[in-house]
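Below: one structure, written as structure tokens.
The values are calculated or read from the model by the stated rules, or taken from the named source; none is laboratory data. Remember, it's a predicted structure, so these values are computed and weren't measured experimentally. Positions of Cβ are generated from backbone atoms using ideal geometry, with glycine treated the same way; all protein chains shown enter the neighbour counts.
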Amino acid sequence: MGSLRRVTILLLFLGVAATGAASGRVDEAIAFYDAARYAEALQVLDEIEAGSNGSAPAADERDVIDQYRALCLLALDRPAEARAVLRRLVERRPEFAFPAGELPPRFLSVVRETQADVLPSLARAEYRAGKASYDRRAYSEAERRLRRVVSLAEMDGLGPEARASIEDLADLARGFLGLMENHRVKAVASLPPATFTAPTRSAPYTAADQGVTPPVALRQELPGWRVLAGAVSTFMGGNPPKGTLEVVIDERGRVADARLSRSVHPFYDGRLLAAAKRWRYRPATKDRKP
């Protein structure tokens with residue numbers, strides 16, 4: 001069909017198996033870390049990154065690998081190496097959310113120092129590129145870069161030093177975003193009246209719509225669950241974590257959008273959303289048409 005289908009998936013993690021060799025080994029390393037067997041955890045992480053089992057880690061798994069590598073290095077009193085790993089992670093994924101309530105204070109202190117060192121320079125580079133794009137009227141590129149500056153300043157868990165360094169740039173970026181919005185409003189207002197045909201429905205169909213057959217999952221694997229193992233007893237009072245994931249499926253059976261209306265766990269949410277983007281479905285149909 002010429003529209004999208006929204007599906008809500010209720011998740012109850014009672015022990016979901018890992019979906020691949022790399023994912024299973026990441027869970028193995030996390031289990032070693034939870035047991036304070038830091039050297040063994042590092043050995044497993046080294047083997048994963050070397051691709052010794054023939055399966056390279058996915059992009060979202062690399063973030064988890066770097067986080068746990070830094071945790072192990074710091075626990076082994078190797079702070080310089082931990083800082084280098086964290087710097088690599090923050091440079092590659094500036095928006096990576098470190099769950100403050102689940103991490104050791106010493107580790108969080110190093111994270112904040114790394115963010116304060118890396119993110120302001122990244123924000124300045126994004127702002128300069130966005131401003132240059134604005135000056136040459138490449139507004140789409142300018143908006144993308146300037147919005148990233150704003151998102152960096154508004155990140156959850158960002159340390160006060162890094163936030164203060166970025167906030168002035170974010171204010172300037174908001175100003176240019178406002179100017180671009182004004183340009184759009186004026187451009188639309190200057191257009192001559194036109195006759196429009198009825199638009200194609202753009203809102204996703206739901207189970208409440210008549211004549212709609214829901215999509216069928218063809219590939220819907222969940223990331224390995226053991227990432228939560230060490231935190232379940234304290235974070236969830238010993239109960240299995242639960243979450244609610246909403247996915248919007250397009251007419252090709254691909255996931256056009258995925259969002260959590262109820263978080264599973266801060267350690268797990270990013271991996272789940274990344275995995276959902278790779279899910280595939282037999283598309284929904286309305287009146288027997290896809």
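Give just the number: which of (1) at pLDDT 70 or above; (2) farther than 16 Å from ALA275 by Cα does LEU4 not satisfy?
(1)
Select from segment 97-117 the residues that are over 19 Å from ALA75 (Cα atoms), within 19 Å of the chain's Cα centre (by Cα) and crowded, with 18+ Cβ neighbours inside 10 Å and list them in ascending order.
Within segment 97-117, the subset over 19 Å from ALA75 (Cα atoms) is 97, 115-117.
Then drop every residue that is not within 19 Å of the chain's Cα centre (by Cα), which leaves 97, 115.
Of everything in segment 97-117, just one residue is over 19 Å from ALA75 (Cα atoms), within 19 Å of the chain's Cα centre (by Cα) and crowded, with 18+ Cβ neighbours inside 10 Å, namely GLN115.
Restricting the first residue to segment 161-183 and requiring it to be touching a residue at least 24 places away in the same chain (Cβ under 8 Å), which pairs with a second residue that is of a type in the set (S, T, N, Q) and assigned to a helix (DSSP H, G or I) meet a Cβ separation below 8 Å and a spacing of at least six or different chains?
Between residues of segment 161-183 that are touching a residue at least 24 places away in the same chain (Cβ under 8 Å) and residues that are of a type in the set (S, T, N, Q) and assigned to a helix (DSSP H, G or I), the close pairs are ALA162/GLN115.
Does LEU273 count as within 18 Å of the chain's Cα centre (by Cα), at pLDDT below 65 and not aromatic (Phe, Trp, Tyr)? Walk me through it before giving the result.
Working: within 18 Å of the chain's Cα centre (by Cα): yes; at pLDDT below 65: no; not aromatic (Phe, Trp, Tyr): yes.
It is false that LEU273 is within 18 Å of the chain's Cα centre (by Cα), at pLDDT below 65 and not aromatic (Phe, Trp, Tyr).
Can you run down the residue pairs with Cβ atoms below 6 Å, 6 or more apart or on separate chains, where the first is in segment 31-58 and more than 27 Å from LEU273 (Cβ to Cβ) and the partner is surrounded by 14 or more Cβ atoms within 10 Å (Cβ to Cβ) and at pLDDT below 95?
Going by the 6 Å Cβ cut-off, the qualifying pairs are GLU40/PHE32.
Does GLU47 count as surrounded by fewer than 18 Cβ atoms within 10 Å (Cβ to Cβ) and either in a helix (DSSP H, G or I) or out of contact with any Lys or Arg (no Cβ under 9 Å at 6 or more places or on another chain) (or both)? Before you say what the answer is, go through the steps one by one.
Numbers: surrounded by fewer than 18 Cβ atoms within 10 Å (Cβ to Cβ): yes; either in a helix (DSSP H, G or I) or out of contact with any Lys or Arg (no Cβ under 9 Å at 6 or more places or on another chain) (or both): yes.
So GLU47 passes the test.
For segment 87-113, how many residues are in contact (Cβ under 8 Å) with a residue 24 or more places away in the chain, farther than 11 Å from ASP63 by Cβ and in a helix (DSSP H, G or I)? Steps first, answer last, please.
Step one: list which residues in segment 87-113 are in contact (Cβ under 8 Å) with a residue 24 or more places away in the chain, which gives 87, 89-104, 106-107, 110-113.
Still in the list and also farther than 11 Å from ASP63 by Cβ: 87, 91, 94, 99-104, 106-107, 110-113.
Retained after the next criterion (residues that are in a helix (DSSP H, G or I)): 87, 91, 100-102, 106-107, 110-113.
Adding up the residues that qualify gives 11.
Given LEU245, LEU260, LEU218, which one is more than 20 Å from ALA100 (Cα to Cα), touching a Ser or Thr at 6+ places or on another chain (Cβ under 8 Å) and modelled with pLDDT of 65 or more?
Numbers: LEU260 fails: more than 20 Å from ALA100 (Cα to Cα); LEU218 fails: touching a Ser or Thr at 6+ places or on another chain (Cβ under 8 Å).
Sole residue among the options that is more than 20 Å from ALA100 (Cα to Cα), touching a Ser or Thr at 6+ places or on another chain (Cβ under 8 Å) and modelled with pLDDT of 65 or more: LEU245.
Got a number for residues in segment 92-104 being within 16 Å of GLY159 (Cα to Cα) and at pLDDT 90 or above?
Counting residues in segment 92-104 that are within 16 Å of GLY159 (Cα to Cα) and at pLDDT 90 or above gives 1.
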